[in-house]
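Trainee: Next up is a structure, given as structure tokens.
The values are calculated or read from the model by the stated rules, or taken from the named source; none is laboratory data. Being a predicted model, the structure only gives us computed values, none of them experimental. Virtual Cβ from ideal backbone geometry, glycine too; neighbours counted across all protein chains shown.
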Amino acid sequence: MTARLRLSLLFAASLALACDSASTPTKADATAKAPAKPEPEAKSKAVEREAKPEPEPKPAPTTAVSPEPPVAAPVDPNADVVLTEDKDFYGLKVEEIDGWKASWEPDVTGIEWRKPGHVGVSMILLEKPVEKVEEIERGYMAGTTISKQEPPVTTSQGWYTIVTSSEGKSSGFIYLRRVGKSMLVCDTLVSRSDGDKRPVDPVEKLVEICDSAKLG
């Protein structure tokens with residue numbers, strides 16, 4: 001073998017070895033190409049952040065509302081008024097109402113409402129307050145023994161009832177009302193004897209007549 005041939009074989013062997021080395025991956029290459037694993041500490045912190053509950057929102061502050069002060073009852077400007085018989089109509093203002101005309105009756109010291117074709121309605125001032133109709137000493141039913149009394153009906157100024165005499169021959173409307181510190185009684189007959197054609201006025205109208213006397 002000549003020297004030239006020997007050099008050619010050595011060059012070919014070297015070239016083949018170099019090609020094998022380039023195609024075979026090294027340990028450093030494998031390490032560089034492998035995906036990086038997360039650090040254990042960083043992973044645990046991420047899990048901790050995910051597991052930690054979100055804080056609940058704080059309720060908005062509320063403002064305390066003070067209760068409304070109680071509403072005072074209206075004061076009656078005439079609460080201390082005392083009526084007197086020394087004045088006509090007891091010092092009350094009385095006007096005609098639906099044909100009923102009031103007059104001052106000095107003989108009985110009282111007020112009388114009259115209307116043609118109707119039984120009159122009287123009003124007197126009591127000397128002292130009463131709780132029962134039997135205590136009334138003046139008026140149409142004064143001195144009459146009462147056998148029956150209907151339940152009292154309250155109005156804006158007092159109360160009224162219908163009473164029947166012990167003989168059962170007459171019935172009367174009695175209305176007690178207060179004006180200041182005084183008490184008035186208004187009454188009339190609501191029964192008619194045989195042959196008496198005068199109408200019996202409804203109690204609502206009788207109350208209206210009696211309430212028409214007011215302080216001026």
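Trainee: Just a yes or no: is a residue in the range 69-86 closer than 20 Å to Ser165 by Cα and at pLDDT 90 or above?
Mentor: So far as the range 69-86 goes, no, none of its residues is closer than 20 Å to Ser165 by Cα and at pLDDT 90 or above.
Trainee: If you check Ser165 against the conditions, is it out of contact with any Leu (no Cβ under 9 Å at 6 or more places or on another chain), at pLDDT below 90 and assigned by TED's automatic domain parsing to the domain that holds Pro129?
Mentor: yes
Trainee: Within the range 118-141, does at least one residue satisfy the condition of being β-branched (Val, Ile, Thr), at pLDDT 90 or above and assigned to a strand (DSSP E or B)?
Mentor: yes
Trainee: Regarding the range 147-158, can at least one residue be identified that is in a loop (DSSP other than H, G, I, E, B) and over 17 Å from Arg177 (Cβ atoms)?
Mentor: Within the range 147-158 (the criterion being in a loop (DSSP other than H, G, I, E, B) and over 17 Å from Arg177 (Cβ atoms)), the answer is yes, since at least one residue qualifies.
Trainee: Taking the range 174-216 on its own, how many of its residues are of a type outside the set (A, V, I, L, M) and under 23 Å from Glu85 (Cβ atoms)?
Mentor: 14
Trainee: All but one of (1) surrounded by 13 or more Cβ atoms within 10 Å (Cβ to Cβ); (2) at pLDDT below 75; (3) under 37 Å from the mean Cα position of the chain (by Cα); (4) not hydroxyl-bearing (Ser, Thr, Tyr) hold for Trp159, so report the exception by its number.
Mentor: Of (1) surrounded by 13 or more Cβ atoms within 10 Å (Cβ to Cβ); (2) at pLDDT below 75; (3) under 37 Å from the mean Cα position of the chain (by Cα); (4) not hydroxyl-bearing (Ser, Thr, Tyr), only one is false for Trp159: (2).
For every residue, the table says whether it meets (1) in contact (Cβ under 8 Å) with a residue 60 or more places away in the chain; (2) of a type in the set (A, V, I, L, M, F, W, C); (3) in the same structural domain as Cys186 (by TED's automatic domain parsing).
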position	(1), (2), (3)
Leu83	yes, yes, no
Glu96	no, no, yes
Gly99	no, no, yes
Glu112	no, no, yes
Pro116	no, no, yes
Val119	yes, yes, yes
Met123	yes, yes, yes
Pro129	no, no, yes
Val133	no, yes, yes
